[in-house]
Structures are given as structure tokens and as C-alpha cells.
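To keep things clear, I will list the structure first and then write my remarks on it.
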Amino acid sequence: MMVFDDLGGQLKNISRYLTPVRLVSAILALTLLGVGGWALWLWSYGVSPIPIPESAEVQIYIPPQTTFSGIRKVLVENRLIRNDRRFYQLAKFYKLTEKLKAGEYLFSPGLTHYQLLRALEKGATIQRPVTVPEGANIYQVADILAGGGWVERELFLDKVRDKAVVAAFKVQGESLEGYLFPDTYHLTRGQSAMEIIAMMVERGRQVRAQLGDLADNELKLSPHEVIILASIVEKETGVGEERPLIARVFLSRLKRKMRLQADPTVIYGLADFDGNLTKRDLLAITPYNTYQIRGLPAGPIANPGRAAIAAVLHPALESYLYFVSKNDGGHYFSKTLAEHNRAVRKYQKSKRYR
């Protein structure tokens, strides 16, 4: 700053002609002049617009843990600020050098340097919608997130299957399967796998709280068992109005101690399922093969949505025990084995169904 150049020399020359009182006054005047000049200079820089061409936008990405100097480098490289100390002085004045946040940003013309600084402080990052569909299992969720570049697939799977992580979220089971709630999430670049997992688990908690006490059900299933059964209901049908009917079939079977005989549970327990469910698969002994074991499988087989959970809590009143696909997305429900067998012959002549 020219205001401060050779200030010591100027004061020395002035002091030859001034009394001590006048000297102090002169020093104060020069100091105030210097501070005022500096403040005016900084204010002028802060209110000046960043150099973005009209009808254009600049998108940047600041990686996590980036220091202020690193952030400044990104801004310079993207021509949002000039390569001088003014932006640092502005951030230092507002005590924000340690408060700027990482992430993906989009800046438009007309934004001032001060507004740019505040946007970085607030973390006004770009949020992109990512949809996890109802019935997606943890492997499919990992594929969705990895496909969008949000997480590394194996890292995500390691986290959701880590016993310490599962315990930290107070989830019963070997993984977070069933608890990564299907919904549309708005994510920002740089979020960690754990941040995204926590977001999904918390959303599930909110929805379950809205549905009431999961333990309040006709068979006195535990909340975890409700999630297991809801995951089966979710995988058995994509038709909304059928969910309470599907839930009724399985609840009736559990009450009568009949095997659930649910194809999706068999598939979940197969390590190398190729898309074709065979008789050999139905005979395989796994903790998820409900053709071979009685009761519920070892854990959820997918992440159920609100409607599937609600269906288990409030199933249809009809006493159905069987259902078979009609090959049009819907199912035919039966109360007796004889009726069911007739439906199988009609709709699924060559396939074995419960």
C-alpha cells in the first residue's frame, strides 16, 4: 500500500518541526488515514464483481480437507479471483480463512468477491438428486452411488457390513440391509460414504417413527422382524394395492407355522444367481431359503419403503394363504391349496409356485 510507504521516514522529518503533542496528533492522523485507505481499498475489492463473463457460469470442485491456500488456488485456476493477496486479506478480515467449505459450487455473473467468500463459508454447494428405488438391496444401492461417482462401491459395502458401523446405528443384524431407506436424496460432491449412509439411515428412522410402534403388530414381531418381512413384501410385488395382500399371505403362513416359500429370499441367499431360479436353487440350504427353513430368513433381503412397512403393520383382512403371478405384474390370491393349484395351472403351467 502506498499509504504506508516510508511512513517512518515521513514521521522522522515531521518530528523536527512539531512539538511532542503535535507529533502524536500527526501520527494518529497518518494512522487513521492509512487505516481508512486500507478499509476503502478492501471494501472496494469486496463489492467488486468476480470476473465471470455475462451469460456464463463457472463450476468448481473443492476436495475435502482442502486448506485455504488450496481453495484460493482453485479459485485462481478457474479465474474467479486474481492471483494476488486481496482475497486472502478479505477472508482474514472476516476471520473466515479456516471456515471455507469443500464441495461442488456453481457461480453466476454479478457475484461479488464478498458474496463468493460467504458462499464458500456457508457451503452453498450444488446438490444433485439421487434416487434409491424401493426394494433395492445394499449391493444395488452401492451400484447406484458408485455409478454416479459418489462413493467407491467396495468402500460403501465395507461400511454397511461393518459390525462396528451397524452397532453404532443401533441396528440388529449383520449389515444395514433393510435400513438404507429408499428415497430421493440431494447429495453434494465430497460427501463421505459414512455421511451418505447416515443420511439414509436417519431418513428410515424418521419414516418408521411416523408409522408408529413397529412392535405393535398382530404377531408381535420385533421391529427388526417387521423390516425383514417388509423387505420380502417389497420384493414380491411392485403393485401398491397388492402389498397388504402379500403381507396378509405371509403373516397367515407365519401364524400357521407354514414355510413362506418366497422366491426373492432364495435369490438373495445365492452367491451366483444368473437370473433363472431353478429347482436346485429351491433345494439349496441357506439362511435365506424360505422353501427350506421355517419362519423368517436371517435378515432383510432389501430396503423396504414406507408402503411395504405399513402393509406389514396393517395387512389386508382376507385370509389368503397363496398367490401366483398372472404375468402382467399382478398376482392371483387364493385361500385354499386347491384354488391355488388351479391358478398355477392357469397362469404358470411350467413353473413351481407356493
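Bear in mind that the values in this text are calculations on the coordinates, not laboratory data. Given the structure is predicted, the values throughout are model-derived calculations rather than measurements. Cβ atoms come from the backbone with ideal geometry, glycine included; neighbour counts cover every protein chain shown.
Observations on the structure shown:
- With both labels modelled 7 Å from their Cα along Cα-to-Cβ, the Thr278 to Trp41 distance reads 8.1 nm.
- Relative to the current alpha-carbon distance between Ala298 and Asp216, full extension at 0.36 nm per residue lengthens the span by 27.4 nm.
- Cα coordinate range in the stretch 58-122, projected on the principal axes (Å, largest first): 26, 25, 21
- Cβ-defined net charge surrounding Gly204, 11 Å radius [Lys, Arg +1; Asp, Glu -1]: +2
- Its alpha carbons give the stretch 223-347 an Rg and a Dmax of 13.7, 38 Å.
- Over all distinct Cα-Cα pairs of the stretch 30-149, the Kirkwood formula returns a hydrodynamic radius of 16.5 Å.
- Panel note: the C-alpha atoms of the stretch 286-354, placed on their principal axes, show extents of 32, 30, 22 Å (largest first).
- Take the Cα of Gln65, go 7 Å toward its beta carbon, and the backbone nitrogen atoms of the stretch 183-205 under 13 Å from that spot belong to 192.
- Between the residues Thr131, Gly148, Thr278, the greatest Cα displacement towards the positive end of the dipole of the chain, with unit charges on the Cβ of Lys, Arg, Asp and Glu, is found for Thr278.
- Computed across the stretch 223-273, the Kirkwood hydrodynamic radius from all distinct Cα-Cα pairs reaches 11.6 Å.
- For q = 0.22 Å⁻¹, Debye-computed log10 I/I(0) when each Cα of the stretch 138-246 counts as one equal scatterer: -1.32
- Fully extended contour minus Cα-Cα distance, from Ala167 to Glu57, at 0.36 nm per residue: 35.2 nm
- For the stretch 281-343, the set of trypsin sites (Lys or Arg not before Pro) satisfying both a DSSP loop assignment and a count of at most 15 other C-beta atoms within 10 Å is given as Arg294, Lys326, Lys335.
- Report summary: the helix-based calculation at 222 nm, which adds -39500 (n - 2.57) for every DSSP H run with n ≥ 4 and divides by the residues of the chain, gives -14000 deg cm²/dmol.
- Among the listed pairs Lys235/Lys335; Lys220/Lys279; Lys99/Lys163, those with a Cα-Cα distance over 27 Å are Lys220/Lys279; Lys99/Lys163.
- Estimated dipole of the chain in Debye, rounded to 20 [Cβ of Lys and Arg +1, of Asp and Glu -1, Cα centre]: 480
- Pairwise FRET efficiency - Leu96 versus Ser192, Cβ, R0 = 25 Å, nearest 0.05: 0.60
- A P(r) calculated from all alpha carbon pairs of the chain, with 10 Å bins opening at zero, reads 5, 19, 20, 15, 11, 10, 8, 5, 3, 2, 1, 0 percent.
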